[in-house]
Amino acid sequence: MAQMSPMVVHPAEKMRYLSEMAVFQDLTPREMEELNRITTMSTVRKGRVFYRPEEPGEVLFILKEGRVQLYRISPEGKKLIITTLGPHTLFGEMALLGTRMHNTFAEAVEDCLICVMSRADLERLILSKPKVALRILEITGRRLREAEERLESMAFKGIPARLASLLLRLSDEQGGDEVRGLTHQDLAEMVGTYRETATQVLNELKSQGLIEIRRKRIQILDREGLQDVAES
């Protein structure tokens, strides 16, 4: 993978990282040892694009620390963010369905610690442990539902409703009433608009007392009011 630096990690520590993933919780100690053997752990520095559409490998990425942004680039050069993933998530699972991350870039938006597993090793694992496949399918299904909801939002809702929905979803994912680590440009790309428009709408939400805006941090002050905007 491009821009990934192999990392020497104590086997026990790496095993602990992997065991924290819900998708592997049904594995026996011996199976976890095998999983530990076939995965590699790497560091990716903030701002690095470590997966590009032309990458030949088919792999599963397991994000231990940091945040990763998956996005596509239109023929006109416009960036469309598909999703931003946090710790203890995985991506690249579409390789199991006979496809790769077509037209998708993966970029570290924070310093990341990532485990990588080849498609061949993943297939062997799920053949011996079908519950792993079921958990991966659950993750894929949830992501497809989220993608459908975003498409519906972009097709039928205005920018204020899209941004309000996004802030509520991101705050839930980050576990609180705060959205951290995203610029106005990031938020704009996630709802399919321009940065200036996103900034204007955010300032309107702020003037209504719904949010407080800080540097790369947005505090939700009135969740119920923001939900009303999201549903408008």
In region 13-70, what count of residues is obtained for those that are closer than 30 Å to residue 191 by Cβ and basic (Lys, Arg)? 6
Looking at 27, 35, 18, can you tell me which residue is out of contact with any Gly (no Cβ under 9 Å at 6 or more places or on another chain), assigned to a loop (DSSP other than H, G, I, E, B) and either free of Cβ contacts under 8 Å to residues at least 60 places away in the same chain or surrounded by 19 or more Cβ atoms within 10 Å (Cβ to Cβ) (or both)? 27
Free of Cβ contacts under 8 Å to residues at least 40 places away in the same chain, surrounded by 15 or more Cβ atoms within 10 Å (Cβ to Cβ) and not polar (S, T, N, Q) - does that describe any residue in region 133-145? yes
Subset of region 177-222 (residues that are part of a helix (DSSP H, G or I), touching a residue at least 40 places away in the same chain (Cβ under 8 Å) and buried (at least 16 other Cβ atoms within 10 Å of the Cβ)): 186, 189, 190, 201, 205
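Determine, yes or no, whether residue 123 is assigned to a helix (DSSP H, G or I) and of a type in the set (Asp, Glu).
Working: assigned to a helix (DSSP H, G or I): yes; of a type in the set (Asp, Glu): yes.
In short, yes.
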Going residue by residue through region 99-120, is there one that turns out to be aliphatic (A, V, I, L, M), in contact with a Phe, Trp or Tyr (Cβ under 8 Å, 6 or more places away or on another chain) and either at pLDDT below 85 or more than 27 Å from residue 49 (Cβ to Cβ) (or both)? yes
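The values are calculated or read from the model by the stated rules, or taken from the named source; none is laboratory data. If you're wondering where the values come from, they're calculated on a predicted model, not measured in any experiment. Glycine also receives a Cβ, built like all others from the backbone with ideal geometry; neighbour counts cover every protein chain displayed.
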